[in-house]
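The structure under discussion appears below in the form of structure tokens.
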Amino acid sequence: MITPKEYFENYLSWKRSDSGLRSAKSTYAPFSALDLESLTAEAEAGSPGAQEELGERYLFGLSDLKADPQKAKELFTKAADQGQPDAMHMLSEIHRTAEYGMFDYEQYFTLLVKAAQGGSWKAMFNLACALYKGKDAYDGCGFEVNKLEALKWSTHCVVMTMGLMDFYFKNPCSEDFKDYFQGVFALFIQSVCVSARQLILGDGVNQDLKWAHDMLTNANNFYRGIFKANCSDFEVLLQHCEEKMNEKAE
């Protein structure tokens with residue numbers, strides 16, 4: 001599986017110079033910051049990040065483009081074939097509902113697994129949910145309930161989202177990344193909470209209060225390092241975890 005650094009540098013961003021000087025610092029910028037002409041040129045040149053972004057614009061009819069799900073699928077496929085995690089996720093998503101005329105649960109779940117294995121943080125969390133809920137939640141399609149495997153993928157999501165945010169906050173990045181990283185941040189919080197809660201309750205897995213406590217503490221320390229405050233969601237679960245630990249110690 002790719003590292004968060006590889007994800008960010010190889011698939012999410014391009015570097016733009018802050019001035020024309022050769023010695024000038026470079027800033028990471030997302031492909032969403034490119035105008036349609038520049039983005040199309042980058043996509044045609046083979047950039048997987050540009051192909052994924054252009055695919056989203058065709059899928060949703062952005063930048064004055066007429067919505068074209070088939071064209072979007074072609075672009076997502078080109079990007080996914082080069083390992084672009086978000087493109088892998090989008091390939092699965094277009095089959096999840098009838099919205100784009102390609103509803104197919106069998107394809108959705110097959111591609112979801114590939115996307116999660118390819119490093120997509122969104123796919124990791126969605127796969128964890130599918131494994132936790134089982135086939136009854138998806139009209140008899142997908143996977144049998146496997147809460148241990150669900151925990152594996154939700155914790156993978158924790159690692160990937162935390163790693164991406166760590167890279168983002170430690171490097172010179174464009175403000176244009178703001179919307180993307182709001183999504184990363186939201187799933188970071190959610191994946192930590194669902195993983196820790198499962199471990200605290202022993203929900204389909206062996207109860208492991210130490211692992212839950214360590215995960216919540218590390219996540220809260222990371223959160224505090226960025227926002228200079230504690231995360232209330234983590235604090236509530238930490239209190240619950242410590243109460244359980246005290247009960248066991250008595």
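The values are calculated or read from the model by the stated rules, or taken from the named source; none is laboratory data. Remember, predicted model here, so these are calculated numbers, not experimental data. Quick reminder, even Gly has a Cβ in these numbers, built from the backbone with ideal geometry, and neighbours come from all protein chains shown.
Going by the structure shown, is residue 239 free of Cβ contacts under 8 Å to residues at least 40 places away in the same chain, within 16 Å of the chain's Cα centre (by Cα) and either in a helix (DSSP H, G or I) or buried (at least 17 other Cβ atoms within 10 Å of the Cβ) (or both)? Taking the combined requirement at face value, the residue does not satisfy it. Restricting attention to the range 188-237, the residues that are among the aliphatic types (A, V, I, L, M), touching a Ser or Thr at 6+ places or on another chain (Cβ under 7 Å) and over 14 Å from residue 148 (Cα atoms) total 1.
Counting only residues that are of a type in the set (Ser, Thr, Tyr), surrounded by fewer than 18 Cβ atoms within 10 Å (Cβ to Cβ) and in a helix (DSSP H, G or I), how many does the range 154-184 have?
Going through the range 154-184, the residues of a type in the set (Ser, Thr, Tyr) turn out to be 154-155, 161, 168, 174, 180.
This time we only want the ones that are surrounded by fewer than 18 Cβ atoms within 10 Å (Cβ to Cβ), so: 174, 180.
Among the residues that remain, those that are also in a helix (DSSP H, G or I) are: 180.
The number of residues fulfilling the criteria is 1.
Would the range 149-169 turn up any residue that is more than 22 Å from residue 2 (Cβ to Cβ), in contact (Cβ under 8 Å) with a residue 40 or more places away in the chain and not hydrophobic (A, V, I, L, M, F, W, C)? No; the residues of the range 149-169 include none that is more than 22 Å from residue 2 (Cβ to Cβ), in contact (Cβ under 8 Å) with a residue 40 or more places away in the chain and not hydrophobic (A, V, I, L, M, F, W, C).
As for the range 98-108, it holds at least one residue that is touching a Cys at 6+ places or on another chain (Cβ under 7 Å), more than 30 Å from residue 201 (Cα to Cα), acidic (Asp, Glu) and free of Cβ contacts under 8 Å to residues at least 60 places away in the same chain. The set of residues in the range 94-108 being surrounded by fewer than 21 Cβ atoms within 10 Å (Cβ to Cβ) and not aliphatic (A, V, I, L, M) consists of 95, 96, 97, 99, 100, 101, 103, 104, 105, 106, 107.
The rows are residues; the columns are (1) of a type in the set (S, T, N, Q); (2) modelled with pLDDT of 95 or more; (3) under 12 Å from the mean Cα position of the chain (by Cα).
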site: 121; (1), (2), (3): no, yes, yes
site: 126; (1), (2), (3): yes, yes, yes
site: 133; (1), (2), (3): no, yes, no
site: 137; (1), (2), (3): no, no, no
site: 157; (1), (2), (3): no, yes, yes
site: 161; (1), (2), (3): yes, yes, yes
site: 164; (1), (2), (3): no, yes, yes
site: 171; (1), (2), (3): yes, no, no
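All told, residue 130 meets the bar of being in a helix (DSSP H, G or I) and not hydroxyl-bearing (Ser, Thr, Tyr). For residue 28, are the conditions met, namely being among the hydroxyl-bearing types (Ser, Thr, Tyr) and under 17 Å from the mean Cα position of the chain (by Cα)? In short, no.
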